[in-house]
Amino acid sequence: MARTRNGPRSNGMLPLLALHAASEYYRLDRKPPVTAGLIAANSLIYLRPAFLDPILPSLQEVWFNPHLILKNGDLKRFFLSPFYHVGESHLVYNMLSLLWKGIQLENSMDSAEFASMVAVLLGMSQGISLLISKSLLAFFDYEWAYYTEYSVGFSGVLFAMKVVLNSQTENSYVYGIPIPSRYAAWAELALVQFLVPGVSFIGHLGGILAGLVYIQLRGSYNGSDPLTVIIRGLTGVLKCPVRFLRRMFPFRRRQISGRGPIGGGQRGISVSGFWRCHACTYENSAWLDVCEMCSTNRTATGSANGMASPRSAHYSGDLPLEELRRRRMERFGR
């Protein structure tokens, strides 16, 4: 979340973001739609294409400012400010972080639950930031955060997502430094505040606190929350025409990556730049030597030409899905 009054745009980074996102989605077996939708929404709001420009508020109309929000009851600033960015580097940095965290979280739950989580984290992070700013004014007579600070950006929500993601692992990484997961978000908050000028400390702090509150509330609640149920119902209605068209015009889609058969269905054979792990059947990029899903060494899956060989004793038997997810989170939960 950037703190600013006006931010010049830079050029040339969005094509790289699009290329990286397309590459990541190409190699995924399950393409998380909510993460893709969030990245597209943030990018379109920043680009302001001609068909959206008349209906999108300007940046000046959505800056998050506690005084204006409470004085005017301005919910537009409260809910829309996370989707606006002051520059291309600001947008790309946040979207790369969203791409990584979104893929991990959405693939560990269903898309409706992930959408519900993002909506709750957005509302809580904004509300907590508002409460902190008002409390600083009321109890410490600190006026800057309440009257003067203007901020936009998705990073408050990203800090909340990082807390939720880190709750699934014991260890994490902050800029390549291994840190216990319970302290990772706090360490990143301190480093970002020190290394990046102009960021909103209160916005990021609100995100971390929102993530902690969400974990506590989710742990005390059994079953799906009401918002998830509503989202599932809406998506079910929207999918009805798609299912009808698929029944009317059936087609077979060739699977090109992920779990499951490709071509002849033999394990360990490299197809179109991928190699299949002999332990869990996950298909990895040919550039990788270790399976992303279960951390099996590529040499344990077969010879240099990709042909399968007997499994090692350490990876004998099929691993449960939850164990594979846990290993993947331990390896990449940063």
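The values are calculated or read from the model by the stated rules, or taken from the named source; none is laboratory data. All figures in this text were calculated on a predicted structure; none of them were measured in a lab. Here Cβ is always computed from backbone atoms with ideal geometry, including for glycine, and neighbour counts include all displayed protein chains. The protein model used for the area step is the full one, side chains on, heavy atoms only, and it has no ligands, DNA or RNA in it. Shrake-Rupley method; radii C 1.70, N 1.55, O 1.52, S 1.80 Å.
Brief remarks on what is shown
- The stretch 129-154 and the stretch 66-114: distance between their alpha carbon centers, rounded to Å: 19
- Taking the Cα centre of the stretch 88-148 as reference, the dipole from Cβ charges on Lys and Arg (+1) and Asp and Glu (-1) amounts to some 80 debye.
- For the set 218, 30, the ranking by accessible area, highest first and with no ligand, DNA or RNA atoms included, is 30, 218 under a 1.4 Å probe.
- Take the Cβ atoms of residue 221 and residue 288, set R0 to 45 Å, and the FRET efficiency comes out at 0.75.
- Rough spin-label spacing in nm, given labels placed 7 Å along Cα→Cβ, for residue 299 and residue 41: 4.7
- Full extension of the chain between residue 167 and residue 13 gives 52.3 nm of extra length, using 0.36 nm per residue less the Cα-Cα distance.
- Using the Cβ-Cβ distance between residue 119 and residue 76 with R0 set to 25 Å, the FRET efficiency works out to roughly 0.90.
- Whether the stretch 128-225 is rounded, prolate or oblate, judged on the alpha carbon gyration tensor where a/c under 1.5 counts as rounded: oblate
- For the pair residue 97 and residue 55, a Förster radius of 30 Å applied to the C-beta separation gives a FRET efficiency near 0.65, rounded to the nearest 0.05.
- Measuring only protein heavy atoms, the 1.4 Å probe finds residue 128 accessible over about 30 Å².
- Extended-chain gain in nm, criterion 0.36 nm per residue less alpha-carbon gap, residue 68 and residue 142: 25.0 nm
- Note on residue 109 and residue 249: their simple-model spin labels are 3.5 nm apart, each label 7 Å out from Cα toward Cβ.
- The relative contact order of the stretch 1-153, computed from alpha carbon pairs under 8 Å that lie at least 6 residues apart in sequence, is 42 percent.
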